[in-house]
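Below is one structure, written out as structure tokens; comments come after it.
Read-outs throughout are calculated quantities, based only on the coordinates presented, and are distinct from any laboratory measurement. In this text the structure is predicted, and so the values were computed from the model without any measurement. Every residue, glycine among them, receives a Cβ derived from its backbone with ideal geometry; neighbour counts consider all protein chains shown.
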Amino acid sequence: MPTASAIHRQWNFNLPIVSLATNRNGDWIAAGMGDGSLRLLPANDEAEQPKEMVLHNGVSLSLQPDADGHTFLSGGDDGKVFIIDPKLEAPTLLTEHKNKWVDHVASSVDGYRAYSVGKNVYLLDTEGEDKTGPRQTPSSVGGLTFSPNGKRLAASHYNGVSTWWTNSKESIPTVLTWKGSHLGVIWHPDGKILLTSLQENALHGWRLSDNNEMRMQGYAAKIHSMSFTAKGKYLATSGADQVICWPFFGGGPWGKTPLTLGGNDTRLVTRVAAHPKDELVAAGYDDGMIIMAPLDGRMEVLIHPPVSEKGAAVTGLVWNAAGDCLFAALENGYLILFTIDSVRKAVVHV
């Protein structure tokens, strides 16, 4: 495994890393491993030996920040949903569905949690209770997320997205329809636009005020990673040989050409992570290459070179809250920490 001088620190876990997440406070990161365990680290440049935590009897299918800011939420193929406190030795079991898979988990800023099992979506209030029972979707849930203000829950599925008001006693959803299999789902930071990635290598979106739709096509692969820039000006996406950034200013992306960053026809972007404060996007590729790309026309910066060995795709990419530390997970078991200072000392332009 070659190293690059832009690396501040790295760890080799000798296990595939399948997911990477930061908590809402942005001061801890969690890496989900192929054996169902976690590795936990403070999200700063002093991070040393990661803490190991036994979690699922299988694998974490969805690892997300929890509602309280400090903890994480994980759902697994063992049917369990765990709350993970980085300062404790063991996770807390929130709920369990025996012989089922918990495919997706999500939490809101005001304390709600949700998870999906097949076609059923469960919404837990701030007391951890589901007072209305499961909300059903037409097919298995492809993605699950709360709106930025926490007032609405969205679940993608075949032929569209179902949304619910979290404070409603009714479990009947408002359905946004579009033919095809909808996977990942994301809200614009202002909560006025909802977008999904499709099985058909495309994006679809709805402006909720009038249901005006948008379609973004031309991707080479499925879009597994989407990230809005700090002020919601751009949506950065994976799934192509470049980072595709759709403009959400000046009336939105309707009829506009996306901004493209970091082009190379020999590799595909697998993960994107917009900087929490600046107009900057980090992107990881299927061969382990990682770049930082400003959105103001300046040249992209190579911070990790391609890896010759197979199975080194970037599987996770997250910033800490301060925006001075970037953590990257590789499929082959390497967790890498870059800092703004370490990158500045080793600037190599693509």
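What the table shows:
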| quantity | calculated |
| --- | --- |
| Pairs from LYS51/LYS169; LYS51/LYS151; LYS151/LYS179 whose Cα-Cα separation, in the structure shown, is over 31 Å | LYS51/LYS169; LYS51/LYS151 |
| Burial order of peptide ranges 316-324, 211-219 (average beta-carbon count within 10 Å, highest first) | 316-324, 211-219 |
| If the convex hull is drawn through the Cα atoms of segment 42-110, its volume per residue in Å³ | 95 Å³ |
| Burial order of peptide ranges 11-21, 26-36, 287-297 (average beta-carbon count within 10 Å, highest first) | 26-36, 287-297, 11-21 |
| GluC sites (Glu not before Pro) within segment 1-100, DSSP loop, no more than 11 other Cβ atoms inside 10 Å | GLU46, GLU48, GLU89 |
| Descending principal axes extents, the chain, alpha-carbon based, whole Å | 56, 52, 32 |
| Amide H contacts of LEU183 (H built 1.01 Å from N, under 5 Å, at least 5 apart or other chain) | SER197, LEU198, GLN199 |
| Centre separation in Å (Cα based) which lies between segment 77-94 and segment 242-281 | 34 Å |
| Table column - 3J(HN,Hα) (Hz), segment 333-340, Karplus curve with 6.51, -1.76, 1.60, x for Gly and Pro | x, 8, 10, 10, 10, 10, 10, 4 |
| Cα-based convex hull volume of segment 1-157 per residue, rounded to whole Å³ | 128 Å³ |
| Under 9 Å, Cβ to Cβ, from TRP165 - net charge with Lys/Arg +1 and Asp/Glu -1 | +1 |
| Pairwise Lys count, segment 52-150 - Cα closer than 16 Å, eight or more residues apart or different chains | 4 |
| Helical contribution to [θ] at 222 nm, DSSP H n ≥ 4, -39,500 (n - 2.57), averaged over the chain, rounded to 500 | -500 deg cm²/dmol |
| Pairs of alpha carbons in segment 192-269 whose separation is greater than 17 Å (percent) | 42 percent |
| Eligible lysines near LYS256 by straight Cα distance, threshold 22 Å, same-chain separation 8 or greater | LYS192, LYS222, LYS231, LYS233 |
